[in-house]
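Worksheet: one structure, shown below.
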Amino acid sequence: MKKFLFAAFAALSLSACASSVLVVEQPYAGQEKFTTANVEFDNGGVPIDNDNRAYTQEKLEEELFRGESPIFAMGEGLTIKWRYVGFNEGSRLGRYLTGGIGGGSKVVLEVDFVSPTGEVLATVRGEGSVGGGLFGGSNKTGIDKAARHVADYAASNLR
């Protein structure tokens, strides 16, 4: 029993405390469903560094095009344009030293789903935040959660 409690405590200490939410700014009201899509970065949001930009692009592509049951095939069709409207990487050291009280990370990923004719069909915001953890947690956890919400919305409404 002691080993189990120690293992549970260790797992909780090492994991980052993260939360996420999806906000639908403009819901999809159409009937058309899509089988192919592409993902594009839209430079119209807040500035982010190249590492987080590349990571977000890769994570969205992973969530949408890979896995056991991909949502879409890569190709012309639906265009998924993304940008950050909020990006605070926070301080991993601050999260570590304060046990998640300070240094938090929050990302707000906004995505437009655009038809082949250029019409914005839907707009959603995936928000992810990271608090603490023994090693401070990574802002990438917030990006992962935001991308997952976007993919879930696409699967439920546009596929």
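The values are calculated or read from the model by the stated rules, or taken from the named source; none is laboratory data. Since this is a predicted model, take the numbers as computed values, not measurements. So basically every Cβ, Gly included, is an ideal-geometry build from the backbone, and we count neighbours across all protein chains shown. Side chains included, ligands, DNA and RNA excluded: accessible areas come from the protein's heavy atoms. Shrake-Rupley method; radii C 1.70, N 1.55, O 1.52, S 1.80 Å.
Tabulated data for the structure shown
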item	result
Global form of region 22-80, assessed from the alpha-carbon gyration tensor, a/c cut-off 1.5	oblate
Burial ranking of peptide ranges 30-41, 55-66 (average Cβ count within 10 Å, highest at the top)	55-66, 30-41
Placed amide H near residue 121: partners under 5 Å, 5+ positions off or other chain	113, 114, 115
Region 70-91 and region 18-62: distance between their alpha carbon centers, rounded to Å	2
Surface accessible to a 1.4 Å probe, residue 53 within the full protein complex, Å²	100
Model label zone, residue 120; criterion: amide N under 19 Å from point 7 Å along Cα-to-beta-carbon; scope region 17-49	22-31, 38-47
For region 69-75, Karplus couplings with θ = phi - 60° (6.51, -1.76, 1.60), whole Hz, Gly/Pro x	9, x, 6, 9, 8, 6, x
Area accessible to solvent at residue 49, 1.4 Å probe radius, in Å²	70
Accessible-area value, residue 141, 1.4 Å probe, nucleic acids and ligands omitted, Å²	40
